[in-house]
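Have a look at the structure below, then the notes.
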Amino acid sequence: MQEITNELLKQERYLLFVYTPFCGTCHLAQTMLTKIESVHKEDIFYKMNASLHATFMQEQQIESVPCLLIKEGNEIKEKIYAFHSIANIYTYLTDYKPELFVKS
């Protein structure tokens, strides 16, 4: 998972994991996302330390961390605050990242 940059924030499509370093729940959520990336052997999510991006947090009206922000077609489609399980995250990936499930 790579840290998001201002340039990447301008992309029309991304999955952004918003966290703070001292949040225990954020660490659990990040572990789930890292496991998904290791299964697919690719970077799927970007990450952002909310503590360093107060303006972005306000503009996007992010209520708490952890948050998985899904941007598609230049608009925010989902803000997921409850990660529940890896299977739960996959339900979003099938909708917003279907290319992960196409056999090559």
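If the condition is being touching a residue at least 40 places away in the same chain (Cβ under 8 Å) and either more than 12 Å from Ile89 (Cα to Cα) or of a type in the set (S, T, N, Q) (or both), then segment 45-54 contributes Tyr46, Lys47, Met48, Asn49. Selection of first residues in segment 24-36 that are touching a residue at least 12 places away in the same chain (Cβ under 8 Å) and over 15 Å from Ser64 (Cβ atoms) and of second residues that are surrounded by fewer than 19 Cβ atoms within 10 Å (Cβ to Cβ) and among the polar types (S, T, N, Q), restricted to Cβ pairs under 9 Å at least 6 apart or on distinct chains, gives the following pairs, ordered by first then second residue: Met32/Ser85; Met32/Asn88. The lone criterion from (1) in contact with an Asp or Glu (Cβ under 9 Å, 6 or more places away or on another chain); (2) without any contact (Cβ under 8 Å) to a residue 40 or more places away in the chain; (3) of a type outside the set (Ser, Thr, Tyr) left unmet by Asn74 is number (2). Taking into account only those residues within segment 4-38 that are at pLDDT 95 or above and aliphatic (A, V, I, L, M), which is nearest to Phe101 (Cα to Cα)? My answer is Ile36. For Val39, only one of the following conditions fails: (1) within 21 Å of Ala87 (Cβ to Cβ); (2) in contact (Cβ under 8 Å) with a residue 24 or more places away in the chain. What is its number? Checking Val39 against (1) within 21 Å of Ala87 (Cβ to Cβ); (2) in contact (Cβ under 8 Å) with a residue 24 or more places away in the chain, the one that fails is (2).
A count restricted to segment 39-68 and to residues that are more than 18 Å from Leu100 (Cα to Cα) and of a type in the set (A, V, I, L, M, F, W, C) stands at 9.
Residues considered: Lys103, Lys97. Of these, the only one that is among the basic types (Lys, Arg) and under 17 Å from Met1 (Cα atoms) is Lys97.
Considering the chain, the qualifying strands (runs of 3 or more DSSP E), each wholly inside and each with 3 or more residues that are among the charged types (D, E, K, R) and surrounded by 12 or more Cβ atoms within 10 Å (Cβ to Cβ), run over 75-80.
The values are calculated or read from the model by the stated rules, or taken from the named source; none is laboratory data. All values reported here derive from a predicted model rather than from experimental measurement. Note that each Cβ is placed from the backbone with ideal geometry, even for glycine, and that neighbours are counted across all protein chains shown.
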